[in-house]
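What follows is a set of notes on a single structure, which appears directly below.
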Amino acid sequence: MSSSISRRSFVARSAAALAAGVPAFASAKTTPLKLSIISGATYAPTYAGAKVPRTPGSHHGTAFSTTFNGWDEEKAKQLKGTFVKSGRRLEGARVVKLWDPDRAAATALAEVCGIETVTDTPEQCCEGVDAVLIVDDGSGAQWKYAEHALRKGVPTFCDKPLAMTAREAAAIAKLARETKTPFMSASSLRFVPDIVKLRAELPQLGDVHLASVVCGNDLVYYGIHALSMAYAVLGKGATSAINVGKPGANIARIRYGDQRDVMLIVADKEAMRAGYQINLYGTKGWRSITPDLANLYAYLLEAFLDLVLHGKESVPIEEEVELIAALEAAQRSLKLGREVKLSEVLAG
């Protein structure tokens with residue numbers, strides 16, 4: 001890995017800090033990992049086939065940048081478009097490179113967040129860094145940028161959704177395993193404290209055979225957040241889906257063999273106000289959680305740093321592929337009017 005920082009020595013120092021009871025990220029203040037961000041300065045919601053021009057501003061791109069680098073308040077006032085100021089900083093890494101199709105927007109963001117280099121190509125963004133962050137840019141196809149980084153052996157985070165189809169997700173997962181490159185893709189909802197706590201309290205509820213998760217907007221593109229909460233708490237194992245809702249108002253039962261059913265409710269803003277909720281119905285008790293989303297990206301990025309530094313794979317890529325397959329099965333079920341097995345979706 002090409003970097004002025006020795007990742008091996010960084011890991012050793014981090015491990016020593018952990019043994020001493022000091023957070024690994026706090027120990028890294030003088031030698032932070034070098035990160036790059038790809039496609040992080042503009043956004044266009046084209047995932048459903050809409051032809052929409054990219055506009056300056058990126059919810060995730062700016063949140064990621066400010067989480068690591070902070071921002072210049074005066075310069076930020078001149079920035080066009082969405083600019084998310086992270087409420088929590090991670091000191092264990094710093095963004096040093098940025099690429100976006102709109103170079104002017106990338107240059108403006110780099111100026112605000114102190115990012116040293118704006119590259120001409122996404123491939124250049126993978127050179128001389130310790131890890132790459134590929135941002136959700138509205139396309140649903142950001143996984144394509146991961147191919148080069150994975151082949152170069154650069155640890156890579158690919159924003160949600162990993163892909164809009166299970167087969168595309170499976171292909172990039174296969175490449176990650178073949179190249180043995182650390183790779184992560186996940187919804188930030190998996191790591192917020194309320195969901196982590198719910199997972200820890202799960203035994204108090206007894207056996208959970210029924211659950212429901214809710215969120216607004218597109219079934220796959222945003223439904224991944226809702227279903228990710230269920231996966232974070234209950235684990236994997238989905239086998240089929242049947243959607244008895246209607247376009248724009250999905251009510252899908254995700255079946256986990258004979259273990260449990262999860263009701264996934266995802267609706268457009270015309271049918272339901274956006275938000276997130278998970279409900280568990282156990283043999284000993286119930287829980288209903290509307291998670292607090294404060295600083296949610298920092299928890300997600302912290303999990304990625306754990307992967308880069310310590311090899312901790314908090315979300316196996318195969319599990320993320322299964323999750324997308326469940327969402328696609330629910331999408332296909334609505335069109336076909338029948339139950340759809342995940343195996344059908346993965347087969348094509």
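The values are calculated or read from the model by the stated rules, or taken from the named source; none is laboratory data. In this text, all values refer to a predicted model and were calculated from it rather than measured experimentally. For neighbour counting, all protein chains shown are included, and Cβ atoms are generated from backbone atoms with ideal geometry for every residue, glycine included.
Whether any residue in the range 314-337 is surrounded by fewer than 23 Cβ atoms within 10 Å (Cβ to Cβ), farther than 20 Å from Ala163 by Cα, of a type in the set (A, V, I, L, M) and at pLDDT 95 or above is what I want to check. Within the range 314-337 (the criterion being surrounded by fewer than 23 Cβ atoms within 10 Å (Cβ to Cβ), farther than 20 Å from Ala163 by Cα, of a type in the set (A, V, I, L, M) and at pLDDT 95 or above), the answer is yes, since at least one residue qualifies.
Screening Asp137 with (1) among the acidic types (Asp, Glu); (2) under 30 Å from Ala325 (Cα atoms); (3) exposed (fewer than 15 other Cβ atoms within 10 Å of the Cβ) gives one miss only, at (3). Checking Val112, Val129, Val84 one by one, the residue that is more than 14 Å from Ser39 (Cα to Cα), among the β-branched types (Val, Ile, Thr) and in a helix (DSSP H, G or I) is Val112 and no other.
So, Lys160, is that one within 16 Å of the chain's Cα centre (by Cα) and either at positive phi or at pLDDT 95 or above (or both) or not? For Lys160, the condition - within 16 Å of the chain's Cα centre (by Cα) and either at positive phi or at pLDDT 95 or above (or both) - is met. Of note, Phe183 satisfies the criterion of being touching a Cys at 6+ places or on another chain (Cβ under 8 Å) and at pLDDT 95 or above. Scanning the range 191-207 turns up one or more residues that are under 18 Å from Ile317 (Cα atoms), buried (at least 19 other Cβ atoms within 10 Å of the Cβ) and either at pLDDT below 95 or not β-branched (Val, Ile, Thr) (or both). In the range 95-109 there is at least one residue matching the filter, namely being crowded, with 17+ Cβ neighbours inside 10 Å, touching a Cys at 6+ places or on another chain (Cβ under 9 Å) and of a type in the set (Lys, Arg). Looking at the structure I just gave you, is Ser65 crowded, with 16+ Cβ neighbours inside 10 Å and in a loop (DSSP other than H, G, I, E, B)? Taking the combined requirement at face value, the residue does not satisfy it.
Ala149 passes every criterion in (1) out of contact with any Pro (no Cβ under 9 Å at 6 or more places or on another chain); (2) crowded, with 21+ Cβ neighbours inside 10 Å; (3) assigned to a helix (DSSP H, G or I) apart from (1). At pLDDT 95 or above and crowded, with 20+ Cβ neighbours inside 10 Å: is that true of Leu175 in this structure? No.
Highlighted here are the strands (runs of 3 or more DSSP E) found entirely within the range 247-348 that include at least 2 residues which are farther than 28 Å from Phe64 by Cα and touching an Asp or Glu at 6+ places or on another chain (Cβ under 9 Å): 249-256.
A quick yes/no check of all residues on (1) of a type outside the set (D, E, K, R); (2) more than 20 Å from the chain's Cα centre (by Cα):
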| residue | (1), (2) |
| --- | --- |
| Val233 | yes, no |
| Asp261 | no, yes |
| Tyr281 | yes, yes |
| Ala294 | yes, no |
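Quick grid of which residues meet (1) within 18 Å of the chain's Cα centre (by Cα); (2) in contact (Cβ under 8 Å) with a residue 60 or more places away in the chain:
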position: Glu73; (1), (2): no, no
position: Lys77; (1), (2): no, no
position: Thr82; (1), (2): no, no
position: Gly92; (1), (2): no, yes
position: Arg103; (1), (2): no, no
position: Gly114; (1), (2): no, no
position: Ala166; (1), (2): yes, yes
position: Thr181; (1), (2): yes, no
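Contact map, the range 232-247: residues that are surrounded by fewer than 20 Cβ atoms within 10 Å (Cβ to Cβ) paired with residues that are modelled with pLDDT of 95 or more and in a loop (DSSP other than H, G, I, E, B), Cβ distance under 6 Å, separation 6+ or inter-chain. Pairs shown: Ile242/Glu339.
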